[in-house]
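J.: Structure incoming, see below.
The values are calculated or read from the model by the stated rules, or taken from the named source; none is laboratory data. These numbers were taken from a predicted model, which means no experiment stands behind them. So basically every Cβ, Gly included, is an ideal-geometry build from the backbone, and we count neighbours across all protein chains shown.
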Amino acid sequence: MLIESLFNLKEREMIYQIRCSYCGCYMGEKEAPANAFAIKMELLGLPIETHSICGQCRRFILEDIRSISIKGDDHEQR
Ligand SMILES: [Zn+2]
């Protein structure tokens, strides 16, 4: 049964490619338990990706957040 084989796959650890979700740069790999999404990607022969944020984008976004909170009145634009 297809459902049973998917269930068995879930017991495995899979290799995820970590990518920055902002600039798309490659950040390495990690091992994590399989999930339905990863199994589907593997069945399709596609790389299993998970998203994180690289140091450069983190700094950029933190600065962005800080500049928004300094302005303070962005909430009243709508
Ligand atoms: Zn990045």
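J.: Could you go through the range 39-50 and let me know if any residue there is surrounded by 13 or more Cβ atoms within 10 Å (Cβ to Cβ), within 16 Å of the ligand (Cβ to nearest atom), within 14 Å of the chain's Cα centre (by Cα) and at pLDDT below 95.
T.: yes
J.: How many residues does the range 1-38 contain that are of a type in the set (Phe, Trp, Tyr) and modelled with pLDDT under 90?
T.: 2
J.: What pairs come up if the first residue lies in the range 17-34 and is closer than 17 Å to Gly55 by Cα and in a loop (DSSP other than H, G, I, E, B), the second is charged (D, E, K, R) and at pLDDT 95 or above, and their beta carbons are under 8 Å apart, counting only those six or more places apart or on different chains?
T.: So the pair list comes out as Cys25/Arg19.
J.: Under 9 Å between Cβ atoms, at least 6 apart or on separate chains: pull out the pairs that start in the range 41-70 with a residue that is within 18 Å of Lys30 (Cα to Cα) and end on any residue that is in a helix (DSSP H, G or I) and at pLDDT below 90.
T.: Listed by first residue and then by second, the contacts come to Glu42/Leu9; Ile48/Phe37.
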